[in-house]
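Working notes, beginning with the structure itself.
The numbers here are math on the coordinates, done by the rules we state, and not lab data. Owing to the predicted nature of the structure, the values given are computational and were not obtained by experimental measurement. When we count neighbours, we look across all protein chains shown, and the Cβ atoms used for this are built from the backbone with ideal geometry, even at glycine.
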Amino acid sequence: MTVHDWRRGVYAITDAGLLPDDATLIAACESALAGGLALLQYRDKSRDAERRHRQAAALASRCARHGVPLIINDDLALAERLRREGHGGVGVHLGQQDGSLREARRALGEAAIIGATCHARLDLAAQACEAGASYLAFGRFFTSRTKPDAPPARLELLAEAARFGLPRVAIGGIDADNVRQARRAGAELLATVQAVFGRGEPASNVQYLRRQLEDG
């Protein structure tokens, strides 16, 4: 298995509304992975633990074949379970109210990718960096369908966050029209739901976003 550099590129996030069943989810993610993702995040806020485990395990296997890390959104217990089952490339992303970054680092080990939501605040980024985060996610920068009520962030924040020396993720309304703007502002990773899974073929969407980044 060839492991690609996850620190730069397109970061796709799944959505249970757009990808409502196993077959649709897996097919769309297979396509996105083939397009050249840097990271894939499994996000499902339902309380169906069996479904969440089944889907995450299926995605972890497919991510491993493509050499792309799978990040579990806000569920350290699920990430731990998958790693115990042999899915070594699984990491976790934690929001401000979704658990301790230090606990996640202790549980998953030094090599695991652990992401932190920092909203529009450098103080949260500093805390996350000290707690062992692998990357810092800022946003929303643009109008977001997924999180329309999220507080807005200034694009200048991305340059200011360079001081922490960790990959910076831009999230919130990222699409083909603004991806170069976010990249020029300093984001190494561009996280999106709609621009990959909203419509069309995910592989083509990812490839188009990657071209925008390379041209920008």
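The table that follows gives values for the structure above.
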{"item": "Coarse-grained scattering of the range 168-216 at q = 0.15, 0.26 Å⁻¹, given as base-10 log I(q)/I(0) from a Debye sum over alpha-carbon atoms", "result": "-0.32, -0.95"}
{"item": "Net charge of neighbours whose Cβ lies under 14 Å from the Cβ of Glu160, counting Lys and Arg as +1 and Asp and Glu as -1", "result": "+2"}
{"item": "Highest-fluctuation residue, Ala104, Ala116, Ala23 considered, GNM on the chain with Cα pairs under 10 Å", "result": "Ala23"}
{"item": "Most mobile of Gly198, Gly173, Gly36 in a GNM of the chain (Cα contacts under 10 Å)", "result": "Gly198"}
{"item": "Furthest towards positive pole of dipole, Phe141, Ile171, Pro202, structure part the range 60-216, Cβ charges", "result": "Pro202"}
{"item": "Rg/Rh for the chain, where both radii come from Cα atoms and Rh is the Kirkwood radius", "result": "0.93"}
{"item": "Centroid-to-centroid separation of the range 1-35 and the range 133-191 [C-alpha atoms, Å]", "result": "19"}
{"item": "Estimated [θ] at 222 nm from DSSP helical runs (n ≥ 4, -39500 (n - 2.57)) normalised by residues in the chain, nearest 500", "result": "-12000 deg cm²/dmol"}
{"item": "Dipole moment magnitude, nearest 20 debye, the range 9-215 about Cα centre, only Lys, Arg, Asp, Glu C-beta charged", "result": "140"}
